[in-house]
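These notes concern the structure reproduced below.
The values are calculated or read from the model by the stated rules, or taken from the named source; none is laboratory data. A quick note: this is a predicted structure, and the numbers were derived from the prediction, not measured. Glycine also receives a Cβ, built like all others from the backbone with ideal geometry; neighbour counts cover every protein chain displayed.
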Amino acid sequence: MDFVKLSYFHSAATYSNFSMAAQECHIAQTAMSRHIADIEKEIGVELFKRFPKKVILTPAGELFFHETKEILRKYNEIVTATQDTASGSIDRLNIAFGFYERSLLFEYVLPFVEKYPRISVTIQQYPYDLLIQELKKGNCDVGFCPPNWAATLENTRSVALRTSTNHIALSKTHPLTKYSELSAEQLEGQVIILPKYNEPLDDFKRLCDHYGIKPKKTVHVNTLGAMISMIETNIGVSIVPSYIIEDYSYIEFRPFNYTLLRDKRHVALCLEPVVRSVTSLFLDEIAEKIESESRLHLNINE
């Protein structure tokens, strides 16, 4: 079967509209209709019920759509890998991370780089909304981000990383350092520093609404470095994941005790179908590392 025509069929099935599918595939609507008819003639069954403004898969069409999805994915992956081989660029991996995940890269990217020295790895940092767009455009292969941002994408493969607890980061000169642990109520009247791009699920707003907390004000910053500088100079405090805790000379960290919001497991994810095999290899390595660490943890606790 012609794989190009098969891709046209999948586009038509996705949009339930020959005209929209034709626009996406950059062909005329008449050509789209003809290609679908060719497939139906080849396999001897009707795949779509035609209506004036839409098309609907028949039961046979539904089966054909689901059964050929993996075939088309594998074909596209093979074509891309072949093209990469011809251009000498097969051994490359583009990774993107957002606001907090820099500390995770050492833990998960370094072992991969050491194990596969021939693979050229590049790393870029983006605000989370742009990171999602870069994934959609295919400009990066893997993105590291919080689970709420991953949830804005459909058809992804993701690997949950190690759990991080929440801490309050504050200057060593801040009065709250006298407490060994902080609660949500102690944020009342504080200047809170937040990432500039903290949507789509604003955990901090939910926290404030639940406990009736009224911060003095909130300040949004565009980089972790800017956040750290503002905390160091005692402009405000911030809620941060535990894995970013390093040896900051002028900052202390206190566990943040609250029950409303669960601790997060940031994820490494890619879009599906996976176009390049090196992307799958990278996520497989991370998944294996997570599973190995989990088994080790269970053995220690037994």
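Hey, among the residues in region 89-110 that are over 15 Å from Ser242 (Cβ atoms) and of a type in the set (S, T, N, Q), which one's surrounded by the fewest Cβ atoms within 10 Å (Cβ to Cβ)?
That would be Ser89.
Quick check on my filter: what residues within region 275-302 are surrounded by 11 or more Cβ atoms within 10 Å (Cβ to Cβ), among the aliphatic types (A, V, I, L, M) and either on the phi > 0 side of the Ramachandran plot or modelled with pLDDT under 85 (or both)?
Val275
Among the residues of region 111-129, write down those that are surrounded by fewer than 16 Cβ atoms within 10 Å (Cβ to Cβ) and either of a type in the set (A, V, I, L, M, F, W, C) or part of a helix (DSSP H, G or I) (or both).
Pro111, Val113, Glu114, Lys115, Ile119, Ile123, Asp129, listed by residue number.
Hey, can you tell me all the residues within region 24-68 that are out of contact with any helix residue (DSSP H, G or I) (no Cβ under 8 Å at 6 or more places or on another chain), closer than 17 Å to Ser11 by Cβ and touching a residue at least 40 places away in the same chain (Cβ under 8 Å)?
Ile56
Considering only region 126-137, I want to know if a residue exists there that is at pLDDT below 90, within 13 Å of Ala268 (Cβ to Cβ) and of a type outside the set (S, T, N, Q).
No, the conditions are met nowhere in region 126-137.
Being acidic (Asp, Glu), more than 30 Å from the chain's Cα centre (by Cα) and surrounded by fewer than 17 Cβ atoms within 10 Å (Cβ to Cβ) is the requirement here; does Glu154 meet it?
No.
Exactly one of these conditions fails for Pro147: (1) surrounded by fewer than 19 Cβ atoms within 10 Å (Cβ to Cβ); (2) out of contact with any Lys or Arg (no Cβ under 8 Å at 6 or more places or on another chain). Give me its number.
(2)
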